[in-house]
Structures are given as structure tokens and as C-alpha cells.
Amino acid sequence: MTNQTSSAGLTGHAAIVTDNYTVVHIGGYGENPEDISISKFFKRYKSNIKVVRYSSSRAARQAGEWATQFAEEYSDATYGLTNKLNGTSPTYCSKIVWQAYYYGADVNFNDRRPNSVQMFMPYDILDLDDTSVVAKIGSW
């Protein structure tokens with residue numbers, strides 16, 4: 001995640017790393033979900049990056065697989081902030097991360113349900129009991 005971006009007054013950006021050493025994310029308005037190389041991600045978001053790891057490597061791998069499939073199948077999904085976690089379009093960066101763990105690994109961050117009326121924000125990832133920051137790039 002990084003604090004370099006903002007959308008509609010909300011700061012932060014989240015993405016998910018896959019087993020293929022790529023990153024699945026959606027950059028913002030006018031963009032679609034994409035699966036890009038880690039180096040391309042770091043070039044785009046040059047500093048202020050925190051690498052956050054989920055405690056179960058098995059669940060993380062499953063979530064990454066789901067995210068890869070999502071980026072392939074829904075490459076035309078549009079960016080938009082929505083207060084529901086279900087659906088593929090519109091979507092936003094941390095919603096993709098939440099869905100990847102919920103649908104791909106049966107992990108329910110913050111005990112939220114797809115139809116609940118509550119967003120999952122990038123900084124919510126830092127407050128999860130089963131995650132830890134494993135690297136910092138830039139001045140956090």
C-alpha cells in the first residue's frame with residue numbers, strides 16, 4: 001500500500017501481490033483493474049510504500065490467485081467508490097484486496113459481508129490482526 005494517491009478525498013492505495021510476482025490493482029478514475037509487474041508498480045508509486053503480509057501464506061496465495069483471475073476476467077471493470085463490497089464494477093483498490101481474501105481464501109477482514117454498507121479502505125489493512133508490515137519504502 002502507498003499513501004501517494006487520493007480519490008474523492010480519501011488517501012491511500014492498496015494492491016495485492018501474486019505468486020507470479022505481479023501486482024493486481026486499479027489505479028483510479030478512468031482506469032481498469034490490471035495485473036502489472038512489481039517493478040512497474042514501484043516505478044509508478046516511487047515512495048511511501050508499505051509491504052503488508054498476511055499471516056497465512058496459503059491464504060495469501062489463494063487470494064493472489066483470485067486477484068489474478070479477477071484482473072483477467074474483469075479487465076473492463078470501472079473504478080468507482082461504492083459502499084458495498086460485492087460486485088465487480090465499479091470497484092476500487094482496497095475492495096479488490098478485500099474480495100480476493102473473502103472469495104479466494106475464505107478470509108473475512110473486519111467481519112464485513114459483501115452486502116454490508118461499509119467500505120474497506122486502504123488503511124484498514126494496517127489495522128488487521130493477521131497482517132504485519134514487512135517492509136517500508138520511503139518516509140512513512
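Numbers for the structure displayed
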{"item": "Hey, Thr18 buried (at least 18 other Cβ atoms within 10 Å of the Cβ), out of contact with any His (no Cβ under 9 Å at 6 or more places or on another chain) and in contact (Cβ under 8 Å) with a residue 12 or more places away in the chain or not", "result": "yes"}
{"item": "Residue that is in contact with a helix residue (DSSP H, G or I) (Cβ under 8 Å, 6 or more places away or on another chain) and more than 16 Å from Ile16 (Cβ to Cβ), where the choices are Thr88, Thr82, Thr78", "result": "Thr82"}
{"item": "Residue ID - most open to solvent (accessible area, probe 1.4 Å), chosen from residues in segment 33-49 that are farther than 24 Å from Leu128 by Cβ and small (Gly, Ala, Ser)", "result": "Ser39"}
{"item": "Residue in segment 63-86 that is in contact with a His (Cβ under 8 Å, 6 or more places away or on another chain) and among the hydrophobic types (A, V, I, L, M, F, W, C) present", "result": "no"}
{"item": "Residue list for segment 117-127, filter: part of a helix (DSSP H, G or I), open to solvent by less than 50 Å² (accessible area, probe 1.4 Å) and in contact (Cβ under 8 Å) with a residue 60 or more places away in the chain", "result": "Pro122, Ile125"}
{"item": "Test set (1) open to solvent by 60 Å² or more (accessible area, probe 1.4 Å); (2) closer than 25 Å to Ser47 by Cβ; (3) of a type in the set (S, T, N, Q) - Ser89 fails condition number", "result": "(2)"}
{"item": "Out of Ala63, Ala100, Ala77, Ala71, sole residue that is open to solvent by less than 20 Å² (accessible area, probe 1.4 Å), part of a loop (DSSP other than H, G, I, E, B) and at pLDDT 95 or above", "result": "Ala77"}
{"item": "Meets criteria (closer than 23 Å to Ile137 by Cα, open to solvent by 30 Å² or more (accessible area, probe 1.4 Å) and β-branched (Val, Ile, Thr)) for Val52", "result": "yes"}
{"item": "In segment 27-52, residue nearest to the chain's Cα centre (by Cα) [restricted to those that are among the small types (Gly, Ala, Ser) and not in a helix (DSSP H, G or I)]", "result": "Gly27"}
{"item": "Residue list for segment 103-116, filter: of a type in the set (D, E, K, R) and open to solvent by less than 60 Å² (accessible area, probe 1.4 Å)", "result": "Arg112"}
{"item": "Matching residues in segment 8-18 - criterion: being assigned to a loop (DSSP other than H, G, I, E, B) and either at pLDDT below 90 or under 17 Å from Lys43 (Cβ atoms) (or both)", "result": "Ala8, Gly9, Ala15"}
{"item": "Filter result for Asp130 (without any contact (Cβ under 8 Å) to a residue 40 or more places away in the chain, of a type in the set (D, E, K, R) and touching a strand residue (DSSP E or B) at 6+ places or on another chain (Cβ under 7 Å))", "result": "no"}
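The values are calculated or read from the model by the stated rules, or taken from the named source; none is laboratory data. Remember, predicted model here, so these are calculated numbers, not experimental data. Neighbour counts run over all protein chains shown; Cβ positions are idealised from the backbone, glycine included. Heavy atoms of the whole protein, side chains included, go into the accessibility calculation; ligands, DNA and RNA do not. Shrake-Rupley method; radii C 1.70, N 1.55, O 1.52, S 1.80 Å.
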